[in-house]
Amino acid sequence: MQRGSVFGVLLGLGVMLQSASTLADSRILALGTGGVTGLYYPSGGAICRLVNLTRQQHGIRCALRSTLGSVANLQKVATGELDLGIAEAGQLANAFYGQGDFTHASPQLRTLVGLFPEYISVLVRRDSGIQSFSDLKHKRFNIGKTGSSQRLTMDILMTARGWRLDDFALVEELEPAEQADALCDNRIDASLYVVGHPSGAIKEAIQDCDSRLINLEAEDIAALEQQSRHYQALTLPGSLYSDRQNDVLTAGVNATLFTRADLPDDVAYTVVKSLFEQFDSFRRLHPAFEVLDVKHMVQTPLAAPMHPGAQRYFQEQGFLP
């Protein structure tokens, strides 16, 4: 072989290697989660960890982003600021169709897989005199940040009951990380969470600040179910937290891992494959994951169409027809 030919082959090989390296480096997926005290953040961390553990096989790196939660993630994924996100199924449906607080539809959103149930959890101080959801009126209450799924959920419940903000003695709009401290410091009487369980923040408030979870009433659950088919009545075992905590009648909605339609099929395929081929490891990463069932996660009602890459993996595994 002539020197020029050898040089040409080497040059071509170098271009190929550089292109492959550039391709791998360019596949950095930003995954939007939530506050560090909630379950979205460790969920996203677990997913990214499993993707990154197999990075040598596929050249994809997953990077975690802490956000305000569902609504922020939906907005940022829709606009391309994030590649993946975790959101409540009801809020994902609202964003997809342009309903609720989403004024514009985002038909580019796609489901990857359902994750875990999130419970609407009302936490109150035991010395507050609050025995039921009706008793929240005229109390000091945290309704959450404007635009958060916590606030949107409370807006549904307030509208159904005909409550206004001035019906409370005090209204706070706290970050999730601030809520337990506010209860412990006696700055508020109650707070509403939308969260998977067990939750570190709720555990802290129950064990350290003599707080407890209370039931939603039948009319509250009905209002949520009327708002979206993704809400369902649930019972939260009190034993997750304390032998003094009764089981809690409430409602909940599934957390969902989602993306956009323009995410390449092979990338979507790789993300779900990384999760489910290491699923036993995933379930050991947080107590809330221990009871998860793959078939239920895959076959949960879709809030947005499933991404073709994810669908292909689930069909290959026999979870979808």
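If packing is taken as the average count of other Cβ atoms within 10 Å, what order do 74-87, 151-164 fall into, highest mean first? Display every interim value, and only then the final one.
Working: 74-87: 22.4, 151-164: 17.1.
Listed from highest to lowest mean packing, they are 74-87, 151-164.
For every other residue with a beta carbon closer than 15 angstrom to the beta carbon of Arg212, add +1 if it is Lys or Arg and -1 if Asp or Glu, then tell me the sum. If you can, show how the numbers build up before the last one.
Numbers: positive: Arg125, Arg126, Lys139, Lys203, Arg244; negative: Asp127, Asp135, Asp189, Glu204, Asp208, Asp210, Asp243, Asp247.
With Lys, Arg at +1 and Asp, Glu at -1, the net is -3.
Give the total of Lys-Lys pairs in the chain with Cα-Cα distances below 27 Å; include a pair only if its members are 8 or more places apart or on different chains.
On the way: Lys76/Lys145; Lys76/Lys273; Lys137/Lys145; Lys137/Lys203; Lys139/Lys203; Lys145/Lys203; Lys273/Lys295.
Number of lysine pairs found: 7.
With each label point set 7 Å from Cα along the Cα-Cβ vector, what nm distance links Leu53 and Gln317?
Label at Leu53, label at Gln317, 1.4 nm between them.
Take the Cα radius of gyration of the chain and divide it by 2.2 N^0.38 Å, with N its residue count; two decimals is plenty. Spell out each step's value before the answer.
Values: Rg = 22.3 Å, N = 321, 2.2 N^0.38 = 19.7 Å.
For the chain, the normalised Cα radius of gyration is 1.13.
Restricting to segment 119-253, compute how many DSSP beta bridges are antiparallel as a %, nearest 5. Can you show the working numbers first?
Details: 16 of 21 bridges.
The antiparallel fraction comes to roughly 75 percent.
Charges on Cβ only, +1 for Lys and Arg, -1 for Asp and Glu, centred on the Cα centroid of the chain; of Phe116, Ala30, Asn52, which one is farthest towards the dipole's positive end?
Projecting each Cα onto the dipole axis, the largest value belongs to Asn52.
Just how large is the dipole of the chain about the Cα centre, in debye to the nearest 20, putting +1 at every Lys and Arg Cβ and -1 at every Asp and Glu Cβ?
Numbers: 28 positive and 35 negative charges, 206 e Å.
It works out to roughly 1000 debye.
Mind checking the alpha-carbon convex hull of segment 119-253 and giving the volume per residue in Å³?
Working: hull volume 12.5 nm³, N = 135.
Convex hull volume per residue, Cα atoms: 92 Å³.
For the chain, what is the mean residue ellipticity at 222 nm derived from helices alone (per DSSP H run of n ≥ 4: -39500 (n - 2.57); sum divided by total residues; nearest 500 deg cm²/dmol)?
On the way: 13 runs with 133 residues, N = 321.
After summing the helix terms and dividing by the residues of the chain, the value is -12500 deg cm²/dmol.
Provide the net charge surrounding Cys62, with neighbours chosen by a C-beta distance below 11 Å and charges set as Lys +1, Arg +1, Asp -1, Glu -1.
Numbers: positive: Arg27, Arg49, Arg55, Arg61, Arg65; negative: Asp83.
Here the charged neighbours net out to +4.
Kirkwood hydrodynamic radius for segment 171-321: how many Å is it when counted over pairs of different Cα atoms? Could the numbers behind the result be given before it?
Working: mean 1/r = 0.0553 Å⁻¹.
That comes to 18.1 Å for segment 171-321.
Could you give the distance between the Cα centres of segment 225-259 and segment 147-171, to the whole Å?
Between the Cα centres of segment 225-259 and segment 147-171 lies a distance of 19 Å.
Return the percentage of antiparallel bridges among DSSP beta bridges fully within segment 93-193, rounded to the nearest 5 %.
Numbers: 4 of 9 bridges.
Beta bridges within segment 93-193, antiparallel portion: roughly 45 percent.
Using amide H atoms built in the peptide plane, which far-off residues or other-chain residues are under 5 Å from Ala63 H to H?
Leu29, Ala30, Leu31
For segment 219-279, I need the span (max minus min coordinate) of the C-alpha atoms along each principal axis, in Å, sorted largest to smallest.
Largest to smallest, the principal-axis extents are 47, 31, 11 Å.
Read the figures in this text as sums done on the coordinates, not as results from a lab. Worth saying up front: this structure is predicted, and the values here are computed from it rather than measured. Cβ sites come from the backbone with ideal geometry, for glycine too, and all protein chains shown count toward neighbours.
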